[in-house]
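What follows is a short report on a single structure.
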Amino acid sequence: MDDLTNANQTFAAASRPAPVEAATALPQAGKAEARAAASPGQVLAIVCVGIVLANLDLFIVNVALPDIARDFGNASLDDLSWVLNGYAIAYAALLVFFGRLAERHRRDRSFLLGVALFTIASGACAVAGSVAMLVTFRIAQAAGAALMTPTSIGLLLASFPPDRRAGAVRNWAAIGGLAAALAPLVGGVLVTISWRWIFIVNVPVGLIAILVGWWKLPAVPGHDAPRPNPVAALLVTGGIAALTFAIVKGNDWGWTAPGIVWSAALSAACLAAFIGHCLRSDNPFIPPSLFGVRAFSGAALVMAPYSMAFGATLFSAAVWGQTAWGWSALKAGLVLAPGPFLVPVTSLLFASRLIARFGAAAVVTAGIAAFTAGLAVWATFVGPEPDVAVMMAGIMLTGIGVGLTFPTLMGIGTAALPPSSFATGSGVINMIRQAGLAIGVALFIAVVAAPGSAATLVSAYRRGWWAMAAVTAVALIPTLWLIRPAAQVRPQRRR
């Protein structure tokens, strides 16, 4: 029998008592009792502040890249891409590590520590004096974000009753996706003041979140869990970083240049060693048993190519409007805004009903089709002359696709796991997502290369969008192979 035969069964799997919930059910004394009185909705609101900050900063830099380049002596797009990719890679590699480590400690304090680290690093980014400094502080930001994300899931699990967990996770994922997609608009507004404001604004928000969280978040004790292996974290970080470096620099150095060959070899060696560790270790960084769950494997394999295309899409759309059409950062953000607004609308108003009627696989398939169609619109109709309608049509289709796909994948992927694996599983899904974002940006830069004339620029970006459409379509294979068989029996509607 499949691990996930319908949505009700998967969500019911998450309702079995977990160690952390048993701990939170114990009476707490004094301040802990008062803090535990926070309603589930209040906990969701507080932890969503953290996930909004983490996801917003994945893409808020996109529209600011031209201004940052001018401020730092016309830095190249290759170098500036590390402002994005350094964050995404560190975030991806540390998600599972910090998630496992945080299981040993109080979730509320671990979450607040992550918010504090993110807030301090944001202030440091705002005063960075070079690209190298900015990349360094962005990596520190990512460390804070990687601590916030899995601990926020743990807090949600402890606060919501079993029958509401799936909805809470879906809302958490939808709000995080909205933040990531809204980043170009928010960044465009702030860049009108200065690109440094995209980081300054995080500081007061983070401080407020820390104060409210310290007052309201329930005390969720940790439990005895094995310590994560830091060497494994370094291996996966090095593997993803070396692969991204080879892709970004391949055109400049030549794909057969020694530096590229050695970088690719290092990536292969690190990732092979990481996989070997996971298969042989008594305390694996990523338990192989997770991939024995059909729905989880399907969600992970869909998330990888979909995230590559998602990262490349937001990066390319923001940069194209400013470099090719001469738009300001604000105008670029405004034109792209309809897509982000469709993410929560699609997810919160339609996704649940569509899943109940047609099944998760059909909803994911529709999301893939919508996203691919948006990229095809740009690849077909974008030209040298500014065209707001074409850009908005493409971003709206991709927004619908994101709203259907990302929250659904998070829901079916994690709810199919036993409660003891929920935090680790969600961390792995998010790790794959963030790694995909970095690799997607690198792939797009490699495909586009460095065209000279306006005509070659149009041709290069069209080629990049067609390539990302093909990458997105690849996600149909695991959807039909793993998710559809796991969800053949559709959930019955509630009476």
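For the subset of segment 211-235 comprising residues that are surrounded by 17 or more Cβ atoms within 10 Å (Cβ to Cβ) and at pLDDT 90 or above, which member is farthest from residue 319 (Cα to Cα)? If you could, list the steps in order and put the result at the bottom.
At the first step, the residues of segment 211-235 found to be surrounded by 17 or more Cβ atoms within 10 Å (Cβ to Cβ) are 213, 216-222, 225, 228-229, 232-233, 235.
Now restrict to residues that are at pLDDT 90 or above: 232, 235.
Numbers: 232: 35, 235: 32 Å.
Among them, the one singled out is 232.
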| said: So, in segment 269-280, how many residues would count as being farther than 25 Å from residue 412 by Cα and loosely packed, with under 14 Cβ neighbours inside 10 Å? | reply: 3
| said: Can you pull out every residue in segment 76-90 that is small (Gly, Ala, Ser) and either over 19 Å from residue 250 (Cβ atoms) or surrounded by fewer than 19 Cβ atoms within 10 Å (Cβ to Cβ) (or both)? | reply: 76, 90
| query | Looking at (1) under 30 Å from residue 455 (Cβ atoms); (2) hydrophobic (A, V, I, L, M, F, W, C); (3) free of Cβ contacts under 8 Å to residues at least 24 places away in the same chain; (4) surrounded by fewer than 18 Cβ atoms within 10 Å (Cβ to Cβ), which is the only condition residue 349 fails? | reply | (1)
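Could you tell me which residue of segment 237-257 is surrounded by the fewest Cβ atoms within 10 Å (Cβ to Cβ), considering only residues that are β-branched (Val, Ile, Thr) and part of a helix (DSSP H, G or I)?
237
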| Index of the failed condition, residue 320 passing every other in (1) surrounded by 18 or more Cβ atoms within 10 Å (Cβ to Cβ); (2) within 16 Å of residue 402 (Cα to Cα) | (2)
| field | Verdict on residue 260 being surrounded by 14 or more Cβ atoms within 10 Å (Cβ to Cβ), without any contact (Cβ under 8 Å) to a residue 40 or more places away in the chain, of a type in the set (Val, Ile, Thr) and touching a Gly at 6+ places or on another chain (Cβ under 9 Å) | value | yes
| Options 274, 291: the member that is closer than 24 Å to residue 99 by Cα, without any contact (Cβ under 8 Å) to a residue 40 or more places away in the chain and among the aromatic types (Phe, Trp, Tyr) | 291
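From the list 319, 335, 345, exactly one residue is in the same structural domain as residue 382 (by TED's automatic domain parsing) and more than 26 Å from residue 385 (Cα to Cα). Which is it?
Numbers: 319 fails: more than 26 Å from residue 385 (Cα to Cα); 335 fails: more than 26 Å from residue 385 (Cα to Cα).
Checking each option against the conditions leaves just 345.
Against the condition modelled with pLDDT under 90, farther than 30 Å from residue 102 by Cα and not assigned by TED's automatic domain parsing to the domain that holds residue 83, how does residue 262 come out, does it pass?
no
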| Take the residues of segment 187-209 that are buried (at least 19 other Cβ atoms within 10 Å of the Cβ) and hydrophobic (A, V, I, L, M, F, W, C): which is farthest from residue 333 (Cα to Cα)? | 209
| request: Can you give me the number of residues within segment 296-311 that are under 15 Å from residue 480 (Cβ atoms) and crowded, with 24+ Cβ neighbours inside 10 Å? | output: 4
| message | Within segment 96-151, take every residue that is within 18 Å of residue 214 (Cα to Cα) and hydroxyl-bearing (Ser, Thr, Tyr) and give me the one that is surrounded by the fewest Cβ atoms within 10 Å (Cβ to Cβ). | response | 119
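Is segment 389-404 home to any residue that is out of contact with any Gly (no Cβ under 9 Å at 6 or more places or on another chain) and either without any contact (Cβ under 8 Å) to a residue 24 or more places away in the chain or of a type in the set (A, V, I, L, M, F, W, C) (or both)? Write out each step before concluding.
Looking only at segment 389-404, we keep the residues that are out of contact with any Gly (no Cβ under 9 Å at 6 or more places or on another chain), and these are 389.
Okay, now just the ones that are also either without any contact (Cβ under 8 Å) to a residue 24 or more places away in the chain or of a type in the set (A, V, I, L, M, F, W, C) (or both), so 389.
Yes: segment 389-404 contains one or more residues that are out of contact with any Gly (no Cβ under 9 Å at 6 or more places or on another chain) and either without any contact (Cβ under 8 Å) to a residue 24 or more places away in the chain or of a type in the set (A, V, I, L, M, F, W, C) (or both).
The values are calculated or read from the model by the stated rules, or taken from the named source; none is laboratory data. Everything quoted here is computed from the prediction, not taken from an experiment. Using ideal geometry, Cβ is built from the backbone for each residue, glycine included, and neighbour counts are taken over all protein chains shown.
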